[in-house]
Amino acid sequence: MPQEKLILDGSRVAQDIKDRLYPRVERLAANGVVPCLATILVGDDPASATYVRMKGNACRRLGMESVRVDLGKDTTTEQLLETIRRLNEDPAVHGILLQHPVPHQIDERAAFDAIQPEKDVDGVTTLGYAQTAFGFADYPSCTPAAIIAILDYYKIPIEGKHAIVVGRSPILGKPVSAMLLNRNATVTVCHSKTKELDRIVGLGDIVVAAVGKPRFIQGGWLKEGAVVLDAGYNEGNVGDVDYEACLAKASAITPVPAGVGPVTIATLLKHTVDAAEKYGIAASES
Ligand code: NAP
């Protein structure tokens, strides 16, 4: 009998997260606090502009505030740091998101690390990453947290499974590897210098694609029945896995769009509400 496929519906998981946020946002409003996310976009990358717009719209739909700061493509590190310092000091701002990537002349690590830890709702600071690795982050990076949330929503076991993560970026591949390890998966992290990638991917019970290359993971590489989480988001609404071919082999798979993306945004909103509850009420009373 052919195995039934489970399409991991990110919109459903995101709605579940947002449904639980509405009453919290209302309670905060009753205390005079409107959770506020500040987004910073440097340059004119259209994909980044779309992500930032989506995040702002998602805030408004939930009754939250969003502040958008657009900086030109020639912005210097110092100018960006100054913007971040200003947002750090603004008591009405509870979360700060610097949209990655920034133009090459900017020291992205310095900019991420300038975000006050209490407002680091995307877990991009060195401290946030270290806390994620140790397993006690308030705000783990949103896409990795979204991947774990999808697995948990669908009650897909992580413990004892062999997870293959393709990609090792500081905002995605590395933190999701740490989070899977903390949940007792056996984790193999692959990157551009990995040899025999197809063979290694074929060992995975869980495969996370975080490569940034359209349709990169091939269906033929997968073990029969693997669970596939596609974090990729490339031009034309295409993920990092060859969806049709991977669907044929997988037992469960996230589509693109409506997979990891909406859960990432919902997680960002949740972290901003968490931050507003933790620090916003005290600030509004002082
Ligand atoms: P990134 O910083 O460009 O990192 C890509 C990673 O893939 C690197 O670690 C790189 O290895 C590895 N890689 C590149 N070519 C490879 C190859 N041929 N074989 C194996 N590994 C290879 O990208 P990112 O920011 O992590 O994003 C990854 C994907 O996720 C993108 O499609 C992005 O759009 C998407 N994304 C989605 C969301 C969402 O909400 N769904 C959020 C963030 C990102 P090296 O380290 O060796 O260079």
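Remark: accessible surface ordering of Arg183, Arg12, Arg61 (largest first) is Arg61, Arg12, Arg183, probe radius 1.4 Å.
Computed from backbone phi with θ = phi - 60° and the Karplus coefficients 6.51, -1.76 and 1.60, the 3J(HN,Hα) list for the stretch 249-261 is 9, 6, 8, 8, 7, 8, x, 9, x, 6, x, 5, x Hz; x is used for glycine and proline. How far is the Cα center of the stretch 94-140 from the Cα center of the stretch 59-90, in Å? The stretch 94-140 and the stretch 59-90 have Cα centres separated by 14 Å. Protection proxy ranking of 255-265, 94-104, by the mean of other Cβ atoms within 10 Å over each peptide's residues and highest first, is 255-265, 94-104.
The stretch 141-156 and the stretch 31-56 have Cα centres separated by 22 Å. The long axis of helix 46-61 is offset from the longest Cα principal axis of the chain by roughly 70 degrees.
Give the shape of the chain as rounded, prolate or oblate, defined through the alpha-carbon gyration tensor: a ≥ b ≥ c are the square roots of its eigenvalues, a/c under 1.5 means rounded, and otherwise the shape is prolate if a/b is larger than b/c and oblate if not. Prolate is the answer for the chain, as a/c is 1.5 or above and a/b outweighs b/c. Computed from label points 7 Å out along Cα-Cβ, the spacing between Thr194 and Glu235 is 2.6 nm. Here the stretch 52-210 was treated as a single set of alpha-carbon atoms; its pair distances binned every 10 Å from 0 give 10, 33, 32, 19, 5, 0 percent. Measuring between alpha carbons in the structure, the pairs from Lys174/Lys270; Lys5/Lys161; Lys55/Lys155; Lys18/Lys278; Lys119/Lys193; Lys155/Lys270 lying more than 25 angstrom apart are Lys55/Lys155; Lys119/Lys193. In bins 5 Å wide, starting from 0, what share of all Cα pairs of the stretch 141-261 does each bin hold, as a percent? That works out to 2, 13, 25, 28, 22, 8, 1, 0, in percent per bin.
So with the 1.4 Å probe, I'd like the accessible area per residue for the stretch 109-262, rounded to whole Å².
With all protein chains present, the stretch 109-262 gives 42 Å² per residue.
Between the listed residues Met54, Ala92, Ile115, the Cα displaced farthest toward the positive end of the dipole of the stretch 32-117, a dipole computed from Cβ unit charges relative to the Cα centre, is found at Met54. When the Gaussian network model of the chain links Cα atoms closer than 10 Å, the mean-square fluctuations of Ala146, Ala110, Ala58 top out at Ala110.
Sort Glu235, Glu78 by heavy-atom solvent-accessible area, probe 1.4 angstrom, most to least. Don't jump to the answer; show the numbers that get you there.
Working: Glu235 180, Glu78 100 Å².
Accessible-area ranking of Glu235, Glu78, largest first: Glu235, Glu78.
Ignoring any ligand, DNA or RNA, what whole percent of the accessible area of the stretch 32-117 comes from carbon and sulfur when the probe is 1.4 angstrom? Carbon and sulfur together cover 54 percent of it. Once you order the gyration tensor axes a ≥ b ≥ c over the Cα atoms, which shape class does the stretch 1-124 get: rounded for a/c under 1.5, otherwise prolate or oblate by comparing a/b with b/c? Cα axes put the stretch 1-124 in the oblate bin. Taking the longest Cα principal axis of the chain as reference, the axis of helix 10-30 is set at about 20 degrees. The HN-Hα couplings worked out from phi for the stretch 153-170 by the Karplus form 6.51 cos²θ - 1.76 cosθ + 1.60 (θ = phi - 60°) are 4, 8, 6, 8, x, 10, 4, x, 7, 8, 9, 10, 10, 9, x, 9, 6, x Hz, whole numbers, x standing for Gly and Pro. Against the chain, whose longest principal axis comes from its Cα atoms, helix 77-89 is set at around 70 degrees. Our helix-only sum for the chain, with -39,500 (n - 2.57) per DSSP H run of n ≥ 4 divided by its residues, gives a mean residue ellipticity at 222 nm of -13000 deg cm²/dmol.
Determine the dipole magnitude for the chain: charges of +1 sit on the beta-carbon of Lys and Arg, -1 on that of Asp and Glu, nothing else is charged, the reference point is the Cα centre, and the result goes in debye to the nearest 20.
Dipole magnitude for the chain comes out near 540 debye.
What is the dipole size for the stretch 5-106, taken about its Cα centre, with +1 at each Lys and Arg Cβ and -1 at each Asp and Glu Cβ, in debye to the nearest 20? Each step should come with its number before you reach the end.
On the way: 14 positive and 13 negative charges, 108 e Å.
Using only the charged Cβ atoms, the result is roughly 520 debye.
The values are calculated or read from the model by the stated rules, or taken from the named source; none is laboratory data. As the structure is a prediction and not an experimental result, all values here were calculated from the model. Every residue, glycine among them, receives a Cβ derived from its backbone with ideal geometry; neighbour counts consider all protein chains shown. Areas reflect the complete protein model, heavy atoms only, side chains present, ligands, DNA and RNA absent. Shrake-Rupley method; radii C 1.70, N 1.55, O 1.52, S 1.80 Å.
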